[in-house]
Structures are given as structure tokens and as C-alpha cells.
Amino acid sequence: MEERSSQQLVGGFNRRQASAVSAVYDKYQEYTFDMASTLVHHHPDATDLAAEAFLALLERKERFESIDAIRGFLYNNVRNACYDYLRHGRIARRKLDELAYHQTLIQDDRADKETRQAWRQIILQSIELLPAKTRQVLMLHFNEELNTRQIALRLGMSEKTVSNQKSDGLKRLKAIMQASGTSFIIILFLLS
Amino acid sequence: MNEPFHIRELVFKYNQHELGPEDEIELLAWRRLSPENELYFQEEISPARREAVRQAAAAVKESNYRRIVAEYPLQPDEAPVIRLPRKWVFRIAGCLLGAVVLYKILTFDLDRLTGGSKPAVMEARFTNAQGIEQSLEDIKNGFNDGRAARQRDKARRKMPFLAAPYDTSAATRGFNTMVTYEHGRYLMQLPDESYCWQNVNSSVAYPVNFFRDTPKLRVTGEVFIELPRKSDLPPFEVSTGKISITAFATVRFSVRAYPKDSAVTITAVEGQIQVKSDSSVIMLQPKEQLTLSHGKAILHKDVDIEKVLAWKTN
């Protein structure tokens, strides 16, 4: 029943009917606002960014297949808009042409990747504590950034096994890191 | 920007419970990188901060919506269409079908199987030359000279049909008589393949040995006669009271002569007919109507044929 009504909602939204649009807005207004304000840390601009995401949603010509597609569109739109906003400021962003826009995104992505290396080290340290097989799989996954198929080929295991090892390893890794994190917070508490 | 953009995204996902297992580990690792990171994270997920975001979102909700709607015109809502699930359409159709079948069973006329003992309103009566009444059903079943095959065609005229019986060996100059009552109209096909529509309360008498004697119909009440489209037939005579009508091939005409009217009306629909009364002989052209009353004859031209023949279709 819920699936049906969400289908009706999407259908109504595709025809841009007032009630459906208003329902979609009710459903995701807080979501987009939360996202924008978490990403840009500035409320007035977060308000604008969230509103612009809804306008972009309405102006999109293609039909949406599901309510998740609508949410996905909003997510990507807010994310990219906030990214541009932080890199270039609102006014600069509007003047950027399409090509420059894509180029900066790629460059920023690379810079982001480099900064990630710092905490990547912590993950690698924790992986050391895992059993040999799981460790091998996660090392290849995080360090060499191989996908499941490539890992399976490298280690001579089936893809199923690799994916099981990986999800199992991720769970253990989380447990290890949370355990050490707790002591970390206690230290933090003692220090303050 | 103190925290990488990617981490802010992960924090948002954390608050929305959308964090994947790998995202989770990445966020955990980042938190462990420095106490500031952990503090930032704790602040971002704190109930007070969540509540502040909720309130800020609620505060701009209305004004933002007005802004969006002002920039993008929306379509008015369509009237809600009530669509039944397919399953229910079949169920309802099944119930209706069942109800119709049940109704048919309950109201089934047993008399039709047992031969009909139900007293019916007398519609018409057929009397032969000896004055003996004959059942119309018997005539229909027992008399078949090939004309019955045409019944299907004539049945479209929605009137009970009778192929008039005759006897070429009859020595007498008797007449068969077909009488209709208050509720009966009948279409009779005469042996020469002419048709005679009889309105209610009318009688038509025709010679038993139709082909030997001059075809002469005695009529009271109202009839409409259609002669066959053949040119080699003898003149066709209809008499009512002291008036006689003579028609030749390809003629359609109606006669209305109810005794209570004290007037006789003759209307030619197609072809010429000759009307002979005590005092005059008149030729009627198509769409002409002659009314004879108390020895006076009135001729109407261009009459409305459909109005005259309305009883035939009703």
C-alpha cells in the first residue's frame, strides 16, 4: 500500500501537480537543509542552497522513476552545489562555465584524496590486528584500491569468498576501532 | 575549512543513518586522527545541534516553499480517479454475472417448456371459411409453402408474423378471416406475396382459394398494404363498406376504416390507387389522402406519411 502511494506521489510529481510537489517538499525539506547546513556551516546560504536544489529538481525535464531517484537527485545537487560554494563562493560559481566546472571538480577530488591519506594510516594500523586472510583482503581493498573481482583474481579465491571476507573484516575492523576509540575518548575526557 | 568536505558528507550520512560499512570505518579513522576531529563529530551529532538544525529548517520551510512556487508554476491537482484493483474488477464482474444467471433461473418461464398453460391476452384470432377458429401457432407450424423462410427478414419489423394459409382446391368461395384485438398487431403475408399490416381492432378477410377468385380483401379497422413488385399480377381489390379500392402493381397504401369513426381515410404511399365510392371515382397519387365521410370526399395533398404509419413501428 505504501509502495503504491509512493508511486502515485512520484507520478504526481512528474506531472508537477501542486499537492505532490508540496508532499515531496515536506518529505525532503529538512533533509536537504540538514545536508546543506552540515556541508557549508552557514545557515542563510544553506537555506538558499536547499531551495535551489528543489528548483533544480522541478526544472529537470526527465521523469523520475521512484521516490529514491528524487532523493538521489536532491542529494547530488546539494552536494555539488555546496562543493562549488566552498571552493569558489556563490558568485564565482554562477560565472563558471560547464568545462571549468568539471575540471575544478576533478582537481579538488585529487586534493581530497591526498588529505585522506592521513587517516587512511589509522585504518591500515587497525587492519594489522585482523586475522591473516581478512587482513590480506582488506589491505588490497584499502591500500591498492582493488575491487572484489580483482582481489579474487590476485588471491585465487572465489568472488563470493572475497566479498564475505570483506564484509566480515569491515565489521571486525569497526569493532576494533570503536574499542580503541572508546579508550581514546576516555583519554580525551581525562585530559580536559 | 577545517574538516574535509568528504568528512562533512560522512557526518551528514551518519545523522541520516545512511552510512555504509566502509564509510563508517573511514569516519572512525578520521575521528581518531585528532581530538579536534572527535570534538567536531560529537558536536555535529549532539541532540542540541540536531534540534537546532530541525528548528532552523522549520523556520525557513514556508518562505522557501513560496519562493520555489513563485519561480516554478505548478499544475493544479487532477480530480482523484478511483481505480479499483484489477482483482476487484474481476470479483465484481463475477458477482454481476452470477446475479444475472440467478435472475434468469428464478424467472425462467416453465410454461414455455410445458407448452404454455399461461392465459395470455388474446391478441388475434384466425377463422377459416367454415367459421372454425384455428390456432395461430398451428398455422405457423403446419403451414409452410416457402414463405416462412422470409419470416426472418420480416421479423425485423417487430410484429407477429403469419403466412396466410390458402387452399387451391377449395370449391367454396369462402373467406378466411384474421381479427386483431385491443393488444394485437399482426403482419400477414398473403399468398401472392403481398403484405398486410393489421393495426389493433381490425379484421381482414381474404378468399380461401386466393388465386382463383379475384384477390379481394374485406377490411375493417386500419391496415397498410404492400403489393409485390411484379407487373403481371391482376388488379388487387380492397373493400370496406361501400368503398372499394383498386390497386395495380407496386403500390403501397393504407386504409383506415374504424366503424366508430364514421369516416374512411385512404392514403396512397407509393403508386396510384383508384378509390370508388357510391358517388365518385377518384385516382389517388402518392402522398395524397382521401377522407370519405357522410358522402363527402376531402382530398389532402402532401400528407406526412410517417405520421399516418406511426402505428406500424410503435
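Coordinate-derived values only; no laboratory data. The structure presented is a predicted model; accordingly, all values stated were derived computationally and were not measured. Quick reminder, even Gly has a Cβ in these numbers, built from the backbone with ideal geometry, and neighbours come from all protein chains shown.
Quick notes on this one:
- The A:Ser163 and A:His42 beta-carbon pair, evaluated with R₀ = 41 Å, returns a calculated FRET efficiency of approximately 0.50.
- Filter on B:Lys287/B:Lys312; A:Lys160/B:Lys13; A:Lys166/B:Lys13; B:Lys216/B:Lys301; B:Lys230/B:Lys287; A:Lys133/B:Lys13 - keep pairs with C-alpha separation over 24 Å: A:Lys160/B:Lys13; B:Lys216/B:Lys301; A:Lys133/B:Lys13
- The chymotrypsin sites (Phe, Trp or Tyr not before Pro) of segment B:208-286 that DSSP puts in a loop, and whose beta carbon has at most 16 other beta carbons within 10 Å, are B:Phe211, B:Phe248.
- Here the Karplus curve 6.51 cos²θ - 1.76 cosθ + 1.60, taken at θ = phi - 60°, turns the phi angles of segment B:174-184 into couplings of x, 10, 8, 10, 10, 10, 10, 10, 3, 10, x Hz, with x standing for Gly and Pro.
- Derived scalar couplings between HN and Hα for segment B:90-106 equal 5, 4, 5, 4, x, 4, 4, 4, x, 5, 5, 4, 4, 4, 4, 5, 5 Hz in order, rounded to whole Hz, by the Karplus curve 6.51 cos²θ - 1.76 cosθ + 1.60 (θ = phi - 60°), x for Gly and Pro.
- With the simple model of a label 7 Å out from the Cα in the direction of the Cβ, A:Asn143 to B:Arg50 spans 3.8 nm.
- Pairwise centroid distance, computed over Cα atoms, of segment A:1-66 with segment A:144-169, Å: 38 Å
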